[in-house]
1. C:Thr168 is checked against (1) crowded, with 17+ Cβ neighbours inside 10 Å; (2) touching a helix residue (DSSP H, G or I) at 6+ places or on another chain (Cβ under 6 Å) and fails just one. What number does that condition carry?
2. Within the range C:185-197, can you find the residues that are in a helix (DSSP H, G or I) and either free of Cβ contacts under 8 Å to residues at least 12 places away in the same chain or in contact with a strand residue (DSSP E or B) (Cβ under 8 Å, 6 or more places away or on another chain) (or both)?
3. Residues A:Phe196, A:Phe140, A:Phe151, A:Phe205: which one is surrounded by fewer than 19 Cβ atoms within 10 Å (Cβ to Cβ) and of a type outside the set (Ser, Thr, Tyr)?
4. Would you mind finding the one in D:Ile59, D:Ile55 that is more than 14 Å from chain A (Cβ to nearest Cβ) and surrounded by 14 or more Cβ atoms within 10 Å (Cβ to Cβ)?
5. Return the pairs, sorted by first residue and then second, in which the second residue is at pLDDT 75 or above and of a type in the set (Ser, Thr, Tyr), the first residue lies in the range D:212-234 and is farther than 15 Å from C:Glu220 by Cα and surrounded by 14 or more Cβ atoms within 10 Å (Cβ to Cβ), the beta carbons are less than 8 Å apart, and the residues are 6+ apart or on different chains.
6. Which numbered condition trips up A:Met182, out of (1) surrounded by fewer than 19 Cβ atoms within 10 Å (Cβ to Cβ); (2) under 28 Å from D:Glu35 (Cα atoms)?
7. Inside the range A:99-128, can you point out the residues that are at pLDDT 80 or above and under 30 Å from D:Lys116 (Cα atoms)?
There are 4 protein chains.
Amino acid sequence: MLSDVRKSNWFSNLTTSVIIGYAVVLGFKTSHQIEVAFEHWWFYLDLVITLYFLIEIVIKISADKKEFFKSGWNIFDFLIVAVTLIPIEESEFMMIARLLRLFRVLRLFNSRPELKNIIDMLIGAIPSIIDIVILMFIIFYVYGVIGSFLFSSLPSGLWSDLLTSMLTLFRVLTFEDWTDVMYEAMELNSLYWIYFVSFIIITAFVFFNLFIAVIIGEMEALREQGKGSMKTTIDEDHKILESVQKELAEVKALLQELKQKE
Amino acid sequence: MLSDVRKSNWFSNLTTSVIIGYAVVLGFKTSHQIEVAFEHWWFYLDLVITLYFLIEIVIKISADKKEFFKSGWNIFDFLIVAVTLIPIEESEFMMIARLLRLFRVLRLFNSRPELKNIIDMLIGAIPSIIDIVILMFIIFYVYGVIGSFLFSSLPSGLWSDLLTSMLTLFRVLTFEDWTDVMYEAMELNSLYWIYFVSFIIITAFVFFNLFIAVIIGEMEALREQGKGSMKTTIDEDHKILESVQKELAEVKALLQELKQKE
Amino acid sequence: MLSDVRKSNWFSNLTTSVIIGYAVVLGFKTSHQIEVAFEHWWFYLDLVITLYFLIEIVIKISADKKEFFKSGWNIFDFLIVAVTLIPIEESEFMMIARLLRLFRVLRLFNSRPELKNIIDMLIGAIPSIIDIVILMFIIFYVYGVIGSFLFSSLPSGLWSDLLTSMLTLFRVLTFEDWTDVMYEAMELNSLYWIYFVSFIIITAFVFFNLFIAVIIGEMEALREQGKGSMKTTIDEDHKILESVQKELAEVKALLQELKQKE
Amino acid sequence: MLSDVRKSNWFSNLTTSVIIGYAVVLGFKTSHQIEVAFEHWWFYLDLVITLYFLIEIVIKISADKKEFFKSGWNIFDFLIVAVTLIPIEESEFMMIARLLRLFRVLRLFNSRPELKNIIDMLIGAIPSIIDIVILMFIIFYVYGVIGSFLFSSLPSGLWSDLLTSMLTLFRVLTFEDWTDVMYEAMELNSLYWIYFVSFIIITAFVFFNLFIAVIIGEMEALREQGKGSMKTTIDEDHKILESVQKELAEVKALLQELKQKE
């Protein structure tokens, strides 16, 4: 009976609705006015949600048994429900309690397969760009060290140490008021525009090629996969043709023998 | 006779010209100087346009009869003409009257098939990105809630409630003075740059993969469609080859029988 | 003899060098200090260049005769040389004289085939985006009219008439301080962010789809072209196979006749 | 024995670790506080690193002998080690000494093959965009000359000479506060927005087409390469089929001869 409930659509839809409803309430709560007006209700709401999530996860575990813990998403769900059961004095660890409320909303992913697919796709795309990330880090690192050596004396404090310099370079990368940063640096030496322009052109060039490489890589994978069945048929045909050619030669030989005999 | 007019090029071109002319006049009217100078003419112009559109749509309906209302674009045209016939006191619902004048210009789409195609293509592209929109909304929602919890006390009021926070995040997404927002937040805690940099990197990564996924998806569709006819020929050839191989074996057998008999 | 000179590499390289040299000098001339220091030389330089270009074009026309005027690039060259021969008092039409000097530098394209190819490619790409340009214009027009109705009273004057409004929208499209424009408008009505956010999302969506459509279109053209020869071979093979099948059936029939006779 | 060390994983990993460790220390050194606190240690650190690099490169050269200098990356490594052995008084050529320290970190590329591949890929991508770079330079040059003629009198000094104008144009290209530049210019003549909008649209169009051209070019190369093996099989099959058809005709002729004889 539990596994009927677990597989039923109304159960999955109810959970989705509860999460969305909770998300909406959490959204309204960011308005200070509403938070104060309904001050006494938040406690009961939290209690109801916690109870619903507890019952829901118990149903799921009872139905799936060992299977339940084989999915990463289920473990994620379980951990969130488990942690929110720990009684936290909101006054002390308010930030943690609030983050947990938010993570509950992330359970939405587990209740919509399409979103789960996109997340899986995004996670699967990470390895293909890992070396570019390393390369970008090296570029940031080198420009960051140069920048913090050259510009550390500037009053804006944008280059005071390596981490700050790399944050400033990230800002330059997004073109966010980067000329203000450049004009300040050019007061030290009017040739320092080379530092900024070269950084922008190099990173743009790296991103451009990353983009091309990923598209081409995906396309190659697609081609290999799609070509498979057609190529198999053509290769099979090639073997048949060769055997036909061979057989025909034998037939011809036989016929010539017959002809000579007569 | 009406259907001759309806199908004729001059009728369709006349309508296009009237709409473009109307659009140009509407454009000039945005200059206050011109609006005042020709104050008395706007009324007559509106009357003439309304009459032309009325006559035009009557001709189209009379010619096409029931067919007319089967096209969404025709219904759109009909509604605009119908609504502009309602006598609206401009002083009261000025905004609505003005919007209706603008919608009349949108009738241009119906008179140029190429534009209609692009609009149809754009509408057709929406489903393929619907899940990405949901995902982006979740990212905005989560960052919005975190942002309005962390930064609601900031004097700029950019994080006063969830909606304002999400608007601020949209601004960060467009890189529009996002460092001003970040530097203000970093006065609370110098580690808050992580919030902004992670938001930018995550959304950029999602958009990047969306882009790749759409290109690859379109390409796969194209490939499937294009491969069709060639694959059919190759599969047919495979069947013929197999039958040829079988027949040839029979021929060989027959010949060997003949040879033994002699 | 003239046609030997015209076809020779040194002649083409000399022209390229003269143009590049002229471009460099024109570049230095933008520095006021240098312009004043060498004041008396500019006149002689212009004279020498004008004479060289005159001699060069005479050689080309004498060598190519009627063929010369069949290339658009040659006509472009000819017009520039012809117009710069007209004696212009620099004090009167200074701007025109300066523009003509610049157009001379554009003759560089005609002396490098690779650049000519890129320009031809770029010109050839225009028709494929013409309808998108019309669509973008309609979007700009509609938002421009709405904007100049709603925001014309704002003190910044960014929406004073239609043209100014469209320029402001172009600025919003480039994300250039667009929030300043939005925050000013939101002082009239806090819901006006919808105007800006919808404009950005709609134009981004249109550009995104334009991009995809162009890539897919190019790829389809490439596929059609590339598939040609392979498809021809496969179709030919199909016909041969069918005739082989038919012939084999005849051979079998003949053999069976032979067998029955014995 | 040396070649065992040279090929061993621990040796390559040790070098990588030393470089990363050195990079981290260099990073901390950008914080002024830390630099002063450990003032006396930097000298010894530099000595240790220099010695390690010296020993490492001696091992590599001894093991590889002549082969060592055939790789560009090895020569790069060698030069860095060699130059850092020259005793430089830091007070005099501080900048050079610091740059050399940084270049040492770039040796990281040589110890990770994936990064080496990406760098090779990036270098290989340069020729395919060289003509676009020339074209972009011409556009910048022409707009730069026009800009410095038209706007040189502006108080911001953004157009004082050609180089400054081109830097300002690069700023406009990145959309960085480009409207400030435009609004200042429009005070001279309200039509000067055409200069900026046309520059943005032209460069965007060139980049857009560059992007498409590179993707299509890569795809074509991929197709040619991938089509190879399949096309070979199909062409081979075509020859076999023709010979089969010919042989079958001969068999049929033989049979008809046989039949007539009887």
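The values are calculated or read from the model by the stated rules, or taken from the named source; none is laboratory data. Given the structure is predicted, the values throughout are model-derived calculations rather than measurements. When we count neighbours, we look across all protein chains shown, and the Cβ atoms used for this are built from the backbone with ideal geometry, even at glycine.
1. (2) is the only condition that C:Thr168 fails.
2. C:Met186, C:Trp193, C:Ile194, C:Val197 - these are the residues of the range C:185-197 that are in a helix (DSSP H, G or I) and either free of Cβ contacts under 8 Å to residues at least 12 places away in the same chain or in contact with a strand residue (DSSP E or B) (Cβ under 8 Å, 6 or more places away or on another chain) (or both).
3. A:Phe205
4. After applying the criteria, what remains is D:Ile59.
5. D:Val214/D:Ser128
6. (1)
7. A:Asp120, A:Met121, A:Leu122, A:Ile123, A:Gly124, A:Ala125, A:Ile126, A:Pro127
Per-residue answers, yes or no, for (1) under 26 Å from the mean Cα position of the chain (by Cα); (2) within 30 Å of B:Glu218 (Cβ to Cβ); (3) without any contact (Cβ under 8 Å) to a residue 24 or more places away in the chain:
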residue	(1), (2), (3)
B:Ile86	no, no, yes
B:Ser152	no, no, yes
B:Arg171	yes, no, yes
B:Tyr183	no, no, yes
B:Phe199	no, yes, no
